[in-house]
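Just below is one structure, and these are the notes that go with it.
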């Protein structure tokens, strides 16, 4: 990808290249500055959190905030991470398990309501999660799923599934029918062809779908706030809020928590970045 | 190996009737080519035999078994697709072994059969490669290899050579022919390329608009076409057709727009019922010869050379003879002659040609069926 970028850049005028780079630098700075400030604050000793010093690594840098977040039993950081991981991984897995066959059906089979069904799935994406909050809450009460991870996962699924189905369906559409037919003749059932031929070929699309579903659940706050009320069940976005007091917020540990929490997402992103770039463009460029 | 029998086979996609009741028996061990223009139903027929489409009427037998309701995997067939349909995530070896493994063949036997097929198709050095690392010709061989390791009763091939370049196509055609001679498995091959059909098939089935127009050996369909469609479809350049009026009393004549040809004694009986009626006279380009003729049977016809195509070993002359008034609907008579490259003709020349009437054809103007 980088190769293509530079190749293309070579043909452009120096002014254009300068402009492009300038815009990129400004965009990167705008994106990175808040993150860097959070890192800086997380490294400050508790006495100088509100210092006006702008250096990235403060002169009296300390890992005390990290230590308190990671090892203070009163904070419960590991519980939040554990809860978040569990909710996010299950959301991603269930989204994949349900979205892949659904998307395959939308891609390959003719059935009544196929087109309206697809459009309906798309329409659900137009509503912000906050708008669905009240109906979701009422449904979860009816199902006795308040203060239950499954209730939260169910809510996240309602956001992640339609999106995953659309992404996967777009990808399955690019896989020629001949491959399944060859598999049928070789001796598989339609289900066998799906598992042995289609799914192995769809790793890029499956990876990004899983990543998006994971991230949907990982950083979500509002629904979690409504569904989970017991502290022991808090996911990290809820947990970090407990670090805020009514009169005083301990910004050092708060920032340290923010930094630590972004690590799994960064790692996941790096692991799947190869697929992310190819996966997002595959539907567009593959015949 | 098995005989394949189609009985009144029909297929409709919604309101469109693609196959209109086909009856066809493919003898055990034959190489049969289904030939026809795009949309004639040949690929649909193949897919019905494979079990990839469901028939809307009729029966399909492979051997003694009626297979209409069997899924593809239970029909004991193998298919080579136009796109080859190799599994991109598997190596050549795995592509070939996939079907055997699914059928629960022991690992040693899988290995032995894949190696044998690879050896036969010269694929042994490529076994560890993925399809994307192969050339078009190699992919085609893997697709054939995947079919032959299975040892099926019937091979189905859907235009397997159409993605190859001209040279490789000729080479692969010969290889397929040899392979069939060696394995002797009943093979049904779909193509729209008549050169492939004529060279590969023991039997050629010509289809059009969902109907079998003729089935026969390549020389049958070329020399004795059953109707005007077959006559026009088989052969390149196609047969020349002239609207003709059957005239005369004792001796019959074809009266064309601007010239008149005698009906040979052998053909008189067949044409007698058409006296006074319009028919279609057909003659292949290679049966239009340059020269003055003998004035009796081989009557010379004067024509103008509109276009001359030199193909190296032969010349195609696109000729036209002046319009006449004998047949009301006649347009200017254009026809093609396939002549020796030494022929001294130039574009714009007026030349004399004679028709080899012994190899001419006549078709009913309405039903288009061959009269002789």
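Structure notes:
- Rg/Rg_ref, region B:181-269, where Rg_ref = 2.2 N^0.38 Å and atoms are Cα: 1.43
- Cα centroid separation, region B:343-358 to region A:98-150 (Å): 76
- Bins of 20 Å, starting at 0 and running to the largest distance - Cα pair percent for the protein assembly as shown: 14, 31, 27, 17, 8, 2, 0
- Inter-part distance where region B:187-264 and region A:198-255 are each reduced to a Cα centre, Å: 75
- Largest GNM mean-square fluctuation among A:268, A:154, A:54, using chain A with Cα springs under 10 Å: A:54.
- This ranking places B:189, B:274 by how few other beta-carbon atoms lie within 10 Å of each, fewest first, which gives B:274, B:189.
- Relative to the longest principal axis of the Cα atoms of chain B, the long axis of helix B:92-102 makes an angle of roughly 70 degrees.
- Kirkwood's formula applied to the C-alpha pairs of chain B gives a hydrodynamic radius of 23.2 angstrom.
- Here the Gaussian network model covers chain A, with springs between Cα atoms less than 10 Å apart; of A:217, A:95, A:31, A:31 fluctuates the most.
- Gyration tensor verdict on region B:240-364 (Cα atoms; rounded if a/c is under 1.5, prolate if a/b is larger than b/c, oblate otherwise): prolate
- Computed over chain B, the per-residue total of -39500 (n - 2.57) for DSSP H runs of n ≥ 4 gives a 222 nm mean residue ellipticity of -7500 deg cm²/dmol, rounded to 500.
- Over region A:1-139, the pair-distance histogram of Cα-Cα distances with 5 Å bins from zero comes to 2, 7, 7, 8, 9, 10, 11, 14, 14, 10, 5, 2, 1, 0 percent, rounded to whole numbers.
- Shape summary of region A:131-287, radius of gyration then Dmax from alpha carbon positions: 20.4, 71 Å.
- Relative intensity, log₁₀ I(q)/I(0), of region A:72-122 from a Debye sum that treats every alpha carbon as a point, q = 0.15, 0.29, 0.31 Å⁻¹: -0.58, -1.03, -1.08
- Averaging 1/r over every pair of different alpha carbons in chain A and inverting the result gives a Kirkwood radius of 22.1 Å.
- Shape call, region A:153-197: gyration tensor on alpha carbons, a/c limit 1.5: oblate
- Compactness relative to 2.2 N^0.38 Å, alpha carbon Rg of region B:65-133: 1.23
Taken together, the values in this text are just the output of simple stated rules run on the coordinates, not laboratory data. All values reported here derive from a predicted model rather than from experimental measurement. Quick reminder, even Gly has a Cβ in these numbers, built from the backbone with ideal geometry, and neighbours come from all protein chains shown.
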